Amino acid sequence: MASIFIDGESGTTGLQIRARLQNHPAITIRSIAEADRKDPAAKRRLMQEVDAVVLCLPDAGAKEVAAIAAEMGEAAPKLLDASTAHRVNPDWVYGFPELTEGHADLIAKAKRVANPGCYPTGGIALLRPLVDAGIIPADHPITVNAVSGYTGGGKAMIAEFDEGTAAPFFLYGLALEHKHVPELQRYSGLTTRPIFVPSVGNFAQGMLVSVPLHLDALPGKPKPADLEAALTARYAKSGWVRVMPADPAARLEPEPLNGSNMLELRVYGNEKHGQAVLVARLDNLGKGASGAAVQNLGLMLGVDVEKALPLAA
């Protein structure tokens with residue numbers, strides 16, 4: 001029986017992790033008293049009694065807990081950080097098991113794992129195999145566009161939509177300084193900073209991430225089928241990432257994978273015009289947050305969590 005402490009379990013991601021794992025036969029979830037929630041000594045005592053701590057906290061809070069763990073040395077539990085605080089920290093393993101062959105083993109052996117962001121999960125899954133294959137040069141200018149359900153914005157944004165005061169759709173991050181860009185660039189294998197344009201729609205969960213490409217501007221002028229083949233080869237053994245046929249006549253909606261840990265990739269292309277659009281679809285609270293966290297916990301603790309990661313209907 002493995003024991004975990006979800007620090008920040010009342011937030012959106014923490015609640016969903018708890019809901020997925022609360023009936024798991026091999027995992028016990030420990031909680032801290034509300035009065036002790038910000039008491040470092042009380043938190044340290046609980047950390048001494050569990051196998052892993054999941055940090056569902058603002059960046060500053062995540063760094064504070066990481067510092068407590070560092071002071072504990074070998075007695076510290078494993079840490080899985082769902083914040084952005086450690087995603088590009090070289091001392092932390094990036095928590096996208098499908099990143100490269102063998103990366104899941106790195107997560108399984110790690111003491112500190114940084115859970116990916118929802119937007120970068122889609123962008124990295126699309127781009128990294130193509131950069132590794134040499135189809136997209138690492139220094140190629142890339143633009144990533146994305147739309148998310150409003151639950152990704154936290155309690156304040158959820159309240160705006162629930163109260164009907166939010167616009168039905170909006171772009172944001174238009175200063176081009178979104179906190180997910182460093183993560184997106186590093187783990188995509190890009191050396192040129194990508195342009196990232198996020199947006200939010202009036203739906204709770206679901207996400208589409210898209211990358212437009214001028215194929216004639218790439219070395220060798222690849223065809224859409226070449227891109228699809230490279231993605232298919234990378235994820236052929238994955239249980240949670242799948243490359244799907246792209247129907248250019250269909251509408252692609254963001255919500256069908258809600259409640260699952262699935263990530264779908266598609267390549268829409270027009271060979272005549274030498275153009276393509278890569279699209280990732282996922283649940284921003286599933287493979288984009290709590291689902292990914294549960295998947296990583298399973299690796300870190302050596303526990304089968306497949307039943308906690310249901311497939312989409």
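The values are calculated or read from the model by the stated rules, or taken from the named source; none is laboratory data. None of the values given here were measured: they were computed from a predicted structure. Note that we place each Cβ from the backbone using ideal geometry, even for glycine, and neighbour counts take in every protein chain shown. Surface areas here come from the heavy atoms of the whole protein model, side chains and all, with no ligands, DNA or RNA. Shrake-Rupley method; radii C 1.70, N 1.55, O 1.52, S 1.80 Å.
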ask   = What is the Cα centroid distance between the range 165-244 and the range 246-301, reported in whole angstrom?
value = 10
request  = Enter the mean projected area of the convex hull around the alpha-carbon atoms of the range 1-106, in nm², rounded to one decimal.
outcome  = 7.2
Listed residues Met244, Met72 arranged by accessible area, highest first, probe 1.4 Å = Met244, Met72
inquiry  = For a Förster distance of 45 Å, can you work out the FRET efficiency between the beta-carbons of Asp247 and Ser31, rounded to the nearest 0.05?
reply    = 0.45
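If R₀ is 25 angstrom, what is the calculated FRET efficiency for the pair Ala159 and Ala42, using the beta carbon separation as r and rounding to 0.05?
0.25
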query = Simple spin-label model, 7 Å along Cα-to-Cβ: Thr192 to Leu106 in nm?
reply = 2.5
ask   = Along the range 273-281, what does the Karplus equation 6.51 cos²θ - 1.76 cosθ + 1.60 (θ = phi - 60°) give for ³J(HN,Hα), rounded to whole Hz, x for Gly and Pro?
value = 8, x, 10, 8, 10, 8, 9, 10, 10
query = Where the centre of each part is set by its Cα atoms, how far does the range 1-25 sit from the range 58-133, in angstrom?
reply = 18
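Would you mind working out the accessible area per residue for the chain, using a 1.4 Å probe, and quoting it in Å²? Don't jump to the answer; show the numbers that get you there.
Working: 14100 Å² over 313 residues.
That works out to 45 Å² per residue.
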task = Could you calculate the contour length gain from Gln275 to Met1, that is, 0.36 nm times the residue separation minus the distance between their Cα atoms, to one decimal place in nm?
result = 93.5 nm
query = Going 7 Å from the Cα of Ala70 toward and past its Cβ, which residues in the range 94-108 have a backbone nitrogen under 18 Å from where you end up?
reply = 94
remark   = Per the C-alpha gyration tensor (a ≥ b ≥ c, the square roots of its eigenvalues), the range 99-213 is rounded if a/c is under 1.5, else prolate if a/b beats b/c, else oblate; here it's oblate
message = If I compute Rg and Dmax of the Cα atoms in Å from the structure I just sent, which labelled value in (1) 23.3, 75; (2) 24.2, 76; (3) 19.5, 65 lines up?
response = (3)
